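Down below is the structure, laid out as structure tokens.
The values are calculated or read from the model by the stated rules, or taken from the named source; none is laboratory data. All values reported here derive from a predicted model rather than from experimental measurement. Counting neighbours? That spans all protein chains shown, and the Cβs are built from the backbone with ideal geometry, glycine included. Note: accessible area is taken over every heavy atom of the protein model, side chains too, but ligands, DNA and RNA are not part of it. Shrake-Rupley method; radii C 1.70, N 1.55, O 1.52, S 1.80 Å.
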Amino acid sequence: MNETQCCLQIGYRRYLARLQEALPGFAAQVECVYKGETITVKRDGFIETVVHERKDCLGTRSDADIIGVYAQISDATGTAALATSLR
């Protein structure tokens with residue numbers, strides 16, 4: 001970027017809040033997946049269910065232990081989506 005450009009960065013919580021303001025019924029749950037944990041997506045027709053087997057929830061895990069992130073997103077119509085980003 002040069003001196004005539006700028007970049008605005010907002011945290012994901014503010015981003016989700018803006019989506020909730022703009023889209024009635026919008027909901028999202030964002031979860032981190034840490035080393036040693038597994039997620040399984042089960043599909044029954046159009047319904048997807050996420051099973052997240054967590055490890056050491058109250059222990060010593062750190063941001064360096066994150067291997068991925070997923071979000072479950074839905075809106076007022078009940079339409080749901082699953083977004084993932086795994087290393």
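Brief remarks on what is shown
Results for (1) modelled with pLDDT under 80; (2) touching a His at 6+ places or on another chain (Cβ under 9 Å); (3) of a type in the set (Val, Ile, Thr); (4) part of a loop (DSSP other than H, G, I, E, B), shown as yes or no for each residue.
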position	(1), (2), (3), (4)
Thr49	no, no, yes, no
His52	no, no, no, no
Cys57	yes, no, no, yes
Ile67	no, no, yes, no
Gln72	no, no, no, no
Gly78	yes, no, no, yes
Ala81	yes, no, no, no
Ser85	yes, no, no, no
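- Note on region 33-50: residues that are under 16 Å from the mean Cα position of the chain (by Cα) and open to solvent by 50 Å² or more (accessible area, probe 1.4 Å) total 5.
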